[in-house]
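This report concerns only the one structure given below.
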Amino acid sequence: MKYDYWLDNTGLSNAKKRALIKEFGTAENVYCQKTEEYRKIAGWKDTDTKKIKEAKESKRIERMWENMEQAGIQFLSQCEKNYPEKLKKIRQPPFGLYYIGGLPKEEKVAAIIGARRCSEYGYYMAKKLGEALAGNGISVISGMAEGIDAAGHKGALQGEGKTYGVLGCGVDICYPAQNRELYETLQKAGGVLSELPPGTPPKPYFFPMRNRMISGLADIVIVVEAKRKSGSLITVDYALEQGKEIYAVPGRATDALSYGCNNLIHQGAGIVLSVEEFLEELEIVKIVRQKKHKNRELCLAKEESLVYSCLSVEPKEVEQILRETSLDLSSVAGILFRLQTMGVVKESFRRYYIEE
């Protein structure tokens, strides 16, 4: 059993763990100390001694380590050289990281965050941003939640780049449960990670902790839809504290989901006017999978290309598609069905379609 893992599961605070390492050098040395030696740590309490004593005597931690190895979950402590440098620079960095797959380290990373109950437009923008960033070699990180988080991850997967999910629970738990397919895919296309030991269920107070890791591992943070009081704005606060760049996607003044983003722009955040202009601002020249090339990539037939080309992020009713393409209803219905099965078109609500 690794001593760093033992220390991380003593129940002590991250600050106390770091203080012990500073005093005694290694987690193994911490483990080997006599009880009276721990009292050298500033602010040490009898309850801390009790936690250390129970952790030494318990067989539970050793069983947890064995179960974790069998499940393919890896552990990395702050004491190890492979620990992400970006996380070392934040206030109260996690002492240990649990992950399946890999970790974002030296590569450029963008966080895409926003509302769980997002609009079709927000989902579209998050997905397109994720796709363009990943396709240009920038990893995408988010919280694997419904809505904007999931859209950013899925876009990154379409862009064939790396994407990482930071969880507010143990990495052996898929939360939310409906994101099971995404959870399993992330493990192969990047990774899922948490500072919480395997088996830890999701709790509301874990998510602000999770948010500081998302911003800490990112170089820039992009907000796509957020209400006046949104959890995404907690991530923004952490990002500002950490000196990260903030960008926001603007929305209509009448939409509650746009208030958070519009207010961030008002306060000086960068504005995402379009995916192309955003990439140019980041000095990324290559723009992948643009729609003007996508028809050819998808190998669409002439009439399929005609229908697909008239669709956008704004829902379009079937009658309008008929007028713009001059095709009959039977042909358009068949083409829309085929495009949906290809995953490039979505029926946003009855008889209205958007580009996926």
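Quick one: Cα centre-to-centre distance for the stretch 226-283 and the stretch 118-159, in angstrom? For the stretch 226-283 versus the stretch 118-159, the Cα centre distance is 15 Å. Straight-line cross-link partners of Lys127 among the lysines, defined as a Cα under 16 Å from its Cα and at least 8 positions apart when in the same chain: Lys154, Lys162, Lys291, Lys294, Lys346. Between Phe278, Phe24, Phe95, the residue with the greatest mean-square fluctuation in the GNM of the chain (Cα pairs under 10 Å linked by springs) is Phe24. Pairs Lys51/Lys81; Lys45/Lys89; Lys56/Lys108; Lys16/Lys188: which exceed 31 Å Cα-Cα? Long pairs (Cα-Cα over 31 Å): Lys56/Lys108; Lys16/Lys188. Of the whole protein surface, Arg228 contributes about 150 Å² of accessible area at a 1.4 Å probe radius.
Between Thr254 and Glu106, the modelled labels are 5.2 nm apart [label points 7 Å from Cα along Cα→Cβ].
Short-range pairs are left out: with C-alpha atoms under 8 Å and at least six residues apart, the relative contact order of the chain is 12 percent. Placing one equal scatterer on every Cα of the chain and applying the Debye formula, the log10 ratio I(q)/I(0) at q = 0.16 Å⁻¹ is -1.34.
Counting 0.36 nm for each residue step from Lys302 to Lys89 and taking away their Cα separation leaves a gain of 71.3 nm. Each part reduced to its alpha carbon centroid, the stretch 67-111 and the stretch 1-60 end up 21 Å apart. With every protein chain in place and a 1.4 angstrom probe, the accessible-area ranking of Met209, Met64, Met144, largest first, reads Met209, Met64, Met144.
GNM remark for the chain: springs join alpha carbons under 10 Å apart, and the peak mean-square fluctuation among Tyr205, Tyr98, Tyr123 falls on Tyr205. Once all protein chains are placed together, Asp172 keeps about 70 Å² accessible to a 1.4 angstrom probe. Accessible area ranking (1.4 Å probe, heavy atoms, ligands and nucleic acids excluded), largest first, for His153, His266: His266, His153. Solvent-accessible surface of protein heavy atoms, probed at 1.4 angstrom with all chains present, puts Asp255, Asp48 in the order Asp255, Asp48, largest first.
Between Lys229, Lys40, Lys162, the Gaussian network model of the chain with springs among Cα atoms under 10 angstrom shows the greatest mean-square fluctuation at Lys40.
The values are calculated or read from the model by the stated rules, or taken from the named source; none is laboratory data. Keep in mind that this is a model prediction, so the values were computed, not measured. Reconstructed Cβ throughout: ideal geometry from the backbone, glycine too, with neighbour counts over all protein chains shown. Surface accessibility is based on the protein's heavy atoms, side chains included, excluding ligands, DNA and RNA. Shrake-Rupley method; radii C 1.70, N 1.55, O 1.52, S 1.80 Å.
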